[in-house]
Amino acid sequence: MFSLDDRTLHFPHAETERVPVPMLMVYSIALPALLILLSTLVNLHKTRKQKFHQLHVSLLGLAISLMLATFITDTIKNGYGRPRPDLIARCKPKEGTPGHELVSIEVCTERDHHTLYDGFRSFPSGHSSFSWSGLGFLSLLVSLSFSPGHRQVMMEAEQVLPRPNPCPPSRRRHVSRGDIGPTITRRTPNHAFQNRRL
């Protein structure tokens with residue numbers, strides 16, 4: 001609901017955004033990903049395998065941060081979004097619409113669905129939240145990577161966290177006495193063990 005005599009909603013509608021979406025993608029996705037790649041490569045204290053793992057985890061974290069910020073922002077926009085300052089210019093109300101009463105979207109004559117409904121989704125700002133999630137994640141990651149106690153924290157975490165077993169017990173090969181070739185132990189549906197020669 002809005003009123004036509006609300007002066008805060010009578011700003012002109014700008015067809016060209018000051019910060020277009022491609023520029024937003026560059027500053028929020030491309031720039032953080034590039035800096036994450038460079039900060040990983042210049043780390044001389046890690047092996048090639050460790051660098052690849054850190055790069056993989058960092059890019060996944062960046063993607064999760066951006067997707068989570070987009071989800072939360074769109075949820076709040078759809079539920080509690082405020083009208084934009086150019087709502088009247090977007091709406092193009094019908095002639096004879098009372099200016100001192102609260103009216104709904106039914107008085108609007110704009111046929112473009114996106115232009116009209118986007119005028120009611122002002123809060124929170126999608127550009128601000130998206131750039132904050134990308135650049136904020138980058139700043140936290142870089143500050144953690146170059147902090148003096150980062151290596152000690154990572155070493156302690158590797159000692160505490162359990163390492164996965166690369167080969168399950170049911171797939172290990174044995175060589176029994178008197179056998180010519182190796183045998184493999186397989187689990188049958190009734191959970192009984194049975195040795196079969198390969």
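The values are calculated or read from the model by the stated rules, or taken from the named source; none is laboratory data. All values derive from a computational prediction rather than experimental measurement. Glycine also receives a Cβ, built like all others from the backbone with ideal geometry; neighbour counts cover every protein chain displayed.
Here segment 44-74 is the region considered, the condition is being surrounded by fewer than 17 Cβ atoms within 10 Å (Cβ to Cβ), polar (S, T, N, Q) and at pLDDT below 90, and the residue that is nearest to the chain's Cα centre (by Cα) is Gln50. So how many residues does segment 98-116 have that are more than 23 Å from Ser131 (Cα to Cα) and surrounded by 13 or more Cβ atoms within 10 Å (Cβ to Cβ)? Going through segment 98-116 one residue at a time, the tally reaches 6. In segment 95-103, is there at least one residue being within 33 Å of the chain's Cα centre (by Cα), at pLDDT below 85 and over 30 Å from Gly136 (Cβ atoms)? No: zero hits. Residues that are among the aromatic types (Phe, Trp, Tyr) and free of Cβ contacts under 8 Å to residues at least 60 places away in the same chain number at least 3 in the following helices (runs of 4 or more DSSP H) confined to segment 21-101: 48-80. Taken together, Thr75, Thr70, Thr109, Thr47 contain a single residue that is touching a helix residue (DSSP H, G or I) at 6+ places or on another chain (Cβ under 7 Å), assigned by TED's automatic domain parsing to the domain that holds Asp6 and not hydrophobic (A, V, I, L, M, F, W, C), which is Thr70.
Looking at segment 23-34, is at least one residue assigned by TED's automatic domain parsing to the domain that holds Arg121, at pLDDT 80 or above, out of contact with any Gly (no Cβ under 8 Å at 6 or more places or on another chain) and farther than 30 Å from Arg84 by Cβ? Yes, segment 23-34 has at least one match.
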